[in-house]
Amino acid sequence: MPTIIENRRNLHQIPEIELTTQKTAQYIENILDLYDCTIDHPIPNSVTAFFDNKKEKTIVFRSDMDALPMEENTNLTFKSTNGCMHACGHDGHMAMVLELAKYAKESDYNVLLLFQPGEEKPGGAKPIIESKFFDKFNIAAIYGTHIYPELEKGKVYTRPNEMMAGGCEFELLVKGKASHAAQPQNGINALTACVEILQKSLEQEEKAFDNNTFHLLHFGTFHSGQAFNIIADQAHVRGSIRYYDPRVFDQIVDIINQNMNNAIKKYKVQVNFKINHHYPPVFNNEELFYTLYKNNLVNKLDSPVLISEDFGYYRNVAPSIFFFLGTGDTIPLHSNKFTFDEDILYKGVELYRKLLTTKIPFQ
């Protein structure tokens, strides 16, 4: 059997992006073939392994599979060379769940290991759920982990309720009519209209919430116009919304829509608002958290974080909880120099093994 370190390093060398994780899936399946389990593929390039322990309930351990489209810049002897990189630690996540296969038969539950592509984007959790794959199991809980810098090395952290922010990427396209700048009556200024939408949306969004409500509206790119002396016929903006309460997201979108409609009436422009990529917040089940916390299995994270993860979809299937496994003082995630001390992976597996026999509060 390959060791956890061998699996991590082998997977690190074959990074693949989004939903195109064919080689990664084949590697995982080859390892799982060594065990007494049923292998399936809810969506292409995903892998599941079901360990039937003849129990009533099933617990799920999920790992993401995909990497990032960046050239690796580390000195690792097992660095990737295909223009992609596991710069977010998913190689470690997969290695931990593969290692758990060695102990799955020790569980007081049936065990389902889930390897999911497309976490970074476009999202693999939602199509897996929509495939109805989970309907065949009586799922008691779903667990997931992400290695995380700035937290104490080798320690596991989580918290009740809000864990990670919901987030979306959006585009705003404003179309007007070009004319000479000296003849503005012949044109429709998309740039002016777009600036007004952005400015008013930011002002209103800032005033819409009290100090205890987290909210974020961010405009990141702005492209408009062809020349200094031509009325801009279009303006294109890309931005992000982050939130913990879904009602906050709806309210921010309403603010943008209201200012879009006002600009359409005032400037006679056409406006298209499109949300391209949206993950819900990760909310941890409160009862599950306190069960683990009271049994000294986890440390309490002081506050939620602003990054997003598509693990949040799984709470619609069963009670779920997401963990952070500290890497200590390392280079940040998504850096092309990112790596971590592989010894922390044993700590993640140690938690997973304990979860195999931890009594779940709502059975």
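Structural remarks
- When both bridge partners sit in the chain, DSSP labels roughly 65% of those beta bridges antiparallel.
- DSSP beta bridges in the stretch 55-211 [antiparallel fraction, %, rounded to 5]: 15 percent
- 20 Å reach of a label modelled at D254, 7 Å along Cα-to-Cβ, counting backbone N of the stretch 192-229: 197-218
- Per-residue ellipticity at 222 nm, computed for the chain from helices alone with -39500 (n - 2.57) per DSSP H run of at least four residues, works out to -8500 deg cm²/dmol.
- Extension reserve of the E150-S240 stretch, reckoned as 0.36 nm per residue once the Cα distance is removed: 30.0 nm
- Between S201, S179, S46, the GNM of the chain built on Cα springs shorter than 10 angstrom shows S179 fluctuating the most.
- Listed residues K347, K266, K153, most fluctuating in the chain (Gaussian network, C-alpha, under 10 Å): K266
- To put it simply, the accessible area of the stretch 83-240 at a 1.4 Å probe is 47 percent carbon and sulfur.
- Remark on the chain: hydrodynamic radius 22.3 angstrom, per the Kirkwood mean of 1/r across alpha carbon pairs.
- Span-like helix ranges in the chain, DSSP H, alpha carbon extent 20 angstrom or more, Kyte mean at least -1.0: 190-207, 246-267
- Highest mobility in the GNM of the chain, judged by mean-square fluctuation with C-alpha springs under 10 Å and restricted to R247, R353, R315, is found for R247.
- Heavy-atom surface of the chain, accessible at 1.4 Å and reported per residue (Å²): 46 Å²
- The stretch 242-363, accessible surface, carbon-and-sulfur percent (1.4 angstrom probe): 46 percent
- 30 Å Cα-Cα reach of K175 towards lysines, excluding residues that sit fewer than 8 places from it in its own chain: K121, K200, K207, K265, K266, K268, K274
- Exposure check, 1.4 Å probe, all protein chains in place: K337 carries approximately 100 Å² of accessible surface.
The values are calculated or read from the model by the stated rules, or taken from the named source; none is laboratory data. Quick caveat: nothing in here was measured; it's all calculated off a predicted structure. With ideal geometry, Cβ positions are generated from the backbone for all residues, glycine too; neighbour counts draw on all protein chains shown. Please note that ligands, DNA and RNA were not included when accessible areas were found on the heavy atoms of the full protein model with its side chains. Shrake-Rupley method; radii C 1.70, N 1.55, O 1.52, S 1.80 Å.
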